[in-house]
Amino acid sequence: MADDLSRRVTLPLEPLDLGESGTPRSARYGDVYHPAESGLAQARHVFLSGNRLPDRWAGRDHFVVLETGFGIGLNFLATWHAWQRDPRACARLHFVSVEAHPLSRHDVVRALSAFAELAPLARDLAEAWPLPVAGFHRLVFDSGRVMLTLLLGEACALLPSVVGKVDAIFLDGFAPARNPAIWSPDVMRGIGRLATPGATLATWSVAVGLREALADAGFRVAVAPGFGRKREMLVGERVAPVLRAQFSPARRAAIVGAGLAGALCAERLASRGWSVTLVDERATPSAAAAGLLRPVANSQDSPNAQASRPAFGFALRYLQMLSGPALHWSPTGILQLAATEAEAERQRNIASQQAWPEAWLCFVEADEAAQLAGRAVRGPGWWIAAGAWVSAASLVSAAIACGGARITRCTGRAVHRIEGDPSGWRLLGADDEAIEEAPVVIVANAHRAARLIPGTTLPLSPVRGQVTDLPADPARAVRVAVSGNGYIAPTPDGGHVVGASFAHDEESLDLRDTEHCENLARAESMLPGFTQGLDARSLAGWAGVRATVTDRLPVFGESTDRGLWFATGLGSRGLLWAPLGAELIASALEGEPLPLPTSLVDAFSPRRFAR
């Protein structure tokens, strides 16, 4: 297969030149990232004052800034710094920024080291700095009150896929004469599409062509006093009518199902000030002792593979955000071993031709795989260095605990039917007794979700899965998690969990010796000698039922009925899909910028089946 640059997952990193003066400079464009005199002072004068900030965000629930040209992140940090110090600041600050040529984490740290005043925020940004994977990256700071949605790629390609409305615009690409693409009329029209009525903009450029493009995009612009050597700058305001996104003013939701999808949706809403009732027929969450978090890669780079990249990055950051004694997980790395020579060749081609970042996915031969595992393996495969094992039950508990008093649990109550309309929804039990009422309902009870609403078109299928728990034993020591035709994950007690069986259209939860035997065979095929001395009849385990969808994408979004949402269809990748899916629903309900492009929002939506 010939190399196709359009299919490359990773963008090349931009080299940073600090020169003798220490001012960050782009060799590509022959221009500086900020003026030598004072980049922070320019950010405050041009972009904050030019957009009348912080006054305009005072008292707001949330405020959204859109920037062209993230660069070293100076404007973002200046905005975050001003927000932190403003007693009247909005409850949440969203910053959406596009960058075609990202820097490395090391170079961002170097470039920002000159701004001692911003040092604590710069450290947080550096810790969360994403790999240069093309597409959307949702980064969360300040206990969820500051969100950076970083779009890596060309502005002309990415801005049309942004879902959301913005209140202030920072135009800060390299000079129009050196980088005309980011100042083009098409980009300005894309920005105009995202702007709310009265949205402001500011930029240091006063180019005539830019003024004309902004006017054509619906902005009224004016020249204002500039900063430093630039005596003039532009400010503007969106005058054309644009409809705001609609969301529930009550900020109260009921969620059916307190598993992974439901608990994480509850936490993401609670972090935005919502009151949430979690309704579940079980007293406590039930899940396997450990599962694996890893991205999807395939030859066609299909939508589930594309969606897995922002999901994987967000899931890792989400786990770090929730980390504490109650959450059991570890980024040990994952070996995904090929079962055949043909599969090994396919894995080798995907890793090389799609140019995955090595920290996420690279191909290793059998000897290197054995060194990583610390024991014999069946052959070569992918090494997913950032992959992690996670206790899903502990993640559910940690998320609910993080939501605090805003999450109310209603256990031992089985929802049999949902009725209502956009004015309000009711959860009804077996005898039609009302369990809960709310203006927003999220159905997150896996494969049973479609049964609660008559006429639902969700093609959810149950697939029973059983895993096997292995006790701790030094003879079974393995340094990493392993996957292939099954998986082997460490558990918090030093043992391992192996799995998992697949029984389509089965919903029983009994433990079966036959499936323990199958799981041991899977583990043995990946790690020869790993199961020696084990008797399947003496082993414990866990069984659950997955909710699968034929297109292998989860279901997160609003149904055709307003106020009724779904969070299901996770299949065997709940740890991958649930964090970003929950963030997607919470962002949509709040009218915030969404963490995925339009194409993937549509790909997750339950409305795709109605269409």
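The values are calculated or read from the model by the stated rules, or taken from the named source; none is laboratory data. Worth saying up front: this structure is predicted, and the values here are computed from it rather than measured. Note: ideal-geometry Cβ built from the backbone for every residue, glycine included; neighbour counts use all protein chains shown. Surface areas here come from the heavy atoms of the whole protein model, side chains and all, with no ligands, DNA or RNA. Shrake-Rupley method; radii C 1.70, N 1.55, O 1.52, S 1.80 Å.
For this structure, a couple of remarks:
- Between helix 392-403 and the chain: long-axis angle, C-alpha atoms, 0 to 90°, nearest 10: 40 degrees
- Charged-residue dipole, Cβ positions (Lys, Arg, Asp, Glu), the chain about Cα centre, Debye nearest 20: 1360 debye
- For the chain, with +1 on Lys and Arg beta carbons and -1 on Asp and Glu, the positive-most of Gly257, Val146, Pro87 along the dipole: Pro87
- Between helix 341-353 and the chain: long-axis angle, C-alpha atoms, 0 to 90°, nearest 10: 10 degrees
- Across the accessible surface of region 522-584, with the other protein chains kept in place and a 1.4 Å probe, carbon and sulfur atoms take up 45 percent.
- The share of accessible area on region 44-153 that comes from carbon and sulfur is 51 percent, using a 1.4 angstrom probe.
- At q = 0.20 Å⁻¹, base-10 log of I(q)/I(0) for region 298-446 (Debye sum, equal scatterers on each alpha carbon): -1.22
- When DSSP beta bridges are restricted to pairs lying wholly in the chain, around 60% turn out antiparallel.
- Projecting the Cα atoms of Gly499, Ala540, Val443 onto the charge dipole of region 412-554, computed from C-beta unit charges around the Cα centre, puts Gly499 farthest toward the positive end.
- Using alpha-carbon coordinates, inclination of helix 303-322 to the longest axis of the chain, degrees: 90 degrees
- Packing-based ranking, highest mean first, of 421-434, 71-84 given that Cβ atoms within 10 Å are counted: 71-84, 421-434
- Overall form of the chain per C-alpha gyration tensor (a/c, 1.5; a/b vs b/c): oblate
- Within the full protein context, the accessible area of Thr531 is estimated at about 20 Å² for a probe radius of 1.4 Å.
- The distance from the alpha carbon centre of region 125-156 to that of region 245-303 is 21 Å, rounded to a whole number.
- FRET efficiency, 1/(1 + (r/R0)^6) with R0 35 Å, evaluated for Asp61 and Glu437 via beta carbons: 0.90
- This model, with +1 at the C-beta of Lys and Arg and -1 at the C-beta of Asp and Glu, gives region 107-214 a dipole about its Cα centre of some 200 debye.
- Residues of region 374-456: accessible area per residue with a 1.4 Å probe, Å²: 40 Å²
- With R₀ fixed at 56 Å, the C-beta to C-beta distance from Glu343 to Ala116 puts the FRET efficiency at about 0.60.
- Three-way shape call for region 467-611 based on the alpha-carbon gyration tensor, with the a/c threshold at 1.5: prolate
- Ile585 exposes around 0 Å² of accessible area when a 1.4 Å probe is run over every protein chain in place.
- Anisotropy class of region 1-157 from Cα gyration tensor, a/c 1.5 cut: oblate
- In the assembled protein chains, Arg8 presents an accessible area of approximately 90 Å² (probe radius 1.4 Å).
- For region 85-194, share of DSSP beta bridges that run antiparallel, in % to the nearest 5: 50 percent
- Each Lys and Arg adds +1 at its Cβ and each Asp and Glu adds -1 at its Cβ; summed about the Cα centre, region 313-395 shows a dipole of about 300 debye.
- Ranking by accessible area, most exposed first, for Ile384, Ile400 with a 1.4 Å probe: Ile400, Ile384
- Between Arg28 and Ser330, the contour length at 0.36 nm per residue exceeds the Cα-Cα span by 104.8 nm.
- Along the axis of the charge dipole computed for region 265-308 (Cβ charges of +1 for Lys and Arg, -1 for Asp and Glu, origin at the Cα centre), the listed residues Pro285, Ala307, Ala270 are led at the positive end by Ala270.
- When Thr10, Thr560 are compared by accessible area at a 1.4 angstrom probe, the order from most to least is Thr560, Thr10.
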